[in-house]
Each structure stands twice: as C-alpha cells, then as structure tokens.
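Read-outs: derived from the displayed coordinates by stated rules, not from any lab. Not measured: the values here are computed from a predicted model. Neighbour counts are summed over all protein chains in view; Cβ atoms, including those assigned to glycine, are modelled from backbone coordinates with ideal geometry.
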Amino acid sequence: KRQANSGGLYSITIDPYACKGCMECVKECEDGALKAEIQTTESVETLRRDWDYWMDLPTSNDKFSRIDDLDEKIGALHTLMQDKRNYRSFSAGDNAHPGNGEKSSVHLFTATITALMQGRVKKHCRHINQLINDMERHIRLKLAENLDISDADAIEDALEQNKNVDLTLAR
C-alpha cells in the first residue's frame, strides 16, 4: 500500500522447527507456490532466517480479516491465521505423522478458539472494569453522604490535622 502501516501481512513461510520434510504442503499447494528442495545447510539457514523475519513482522490489521461473524461462522475462517496471536496460540510438541494433517487440524482448531475467545475476554474485562468503577463511585458517594460540608470549623480542623498526609473523604 502507499500509506505506511496500511498493508496486510500475507506470507507462505515454512517453520523450520516444525517441518518434517513430508512434502504434504507442496502436494496440497494448488498454485505451485511451494516447491521441494534438497535440504542443505544453506537452505536450512535460509528457512530459519526467513522464519525469524516473519516472526518479527507485525500482525495484519484487523481490516484484512474476512470474518463477518466468528460465532456464526460467517466469512473466510482461514483468515484467522493472518493474526499472529491466533497463529502462535498453538504451542505443542510435533508428534504428528507426516502427511496426515493432524498438526494442521489441531493448529487451525486452536487458532479458531483463540480468535473466538479474544473478543469475549475483552468484553468481559470491560464489564469487570465497569463494575469496579461503579463500585468506587458508589463508595465515594456513600462517604460523601456522611460529610457535613456546612460545618466550616470541622472541615478546617480536619485539614489542619491531616496537612502532611493525603486527605480522603474517610478521614
């Protein structure tokens, strides 16, 4: 994009720490974007360097998500993986058998659950913060309710007794 920070992240990057060399990704890639290469020290180093570069990139902006309603499964669910928080939510040993899709299925499932829960957790945290704010306001009003501000002598006395400390309504 022409404006800074307005583009999206799309990349086909091989995780060199998880790849078993089964070539399933090459077979499944209909566009021919992936090809098999002989593994050499240099090719592994290139994969690791590319992976480190990908890990350093920011996550795609939410506007590139093509999910209209995750709860209702409306939209392109595969765009969940454009959000690195979702992608990286999967952290487990790689004991899948080459070519059977176990790891991909579990990875997509975990990413979906992560994406689904993030909005719910944020909403719940906002609700808890609102409850805290309401409780603090209620406490302040209860304290102020018992304060007689018409007694100037009492207020002056309280200020004098507490001049070296923070004065609160309770004091």
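Structure above, values below:
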quantity: Extended-chain gain in nm, criterion 0.36 nm per residue less alpha-carbon gap, A33 and S105; calculated: 23.8 nm
quantity: Label point distance in nm, L167-Y53, each placed 7 Å from Cα along Cα→Cβ; calculated: 6.4 nm
quantity: Overall form of region 132-171 per C-alpha gyration tensor (a/c, 1.5; a/b vs b/c); calculated: oblate
quantity: Full-extension gain in nm, K20 to T41, via 0.36 nm per residue minus C-alpha separation; calculated: 6.0 nm
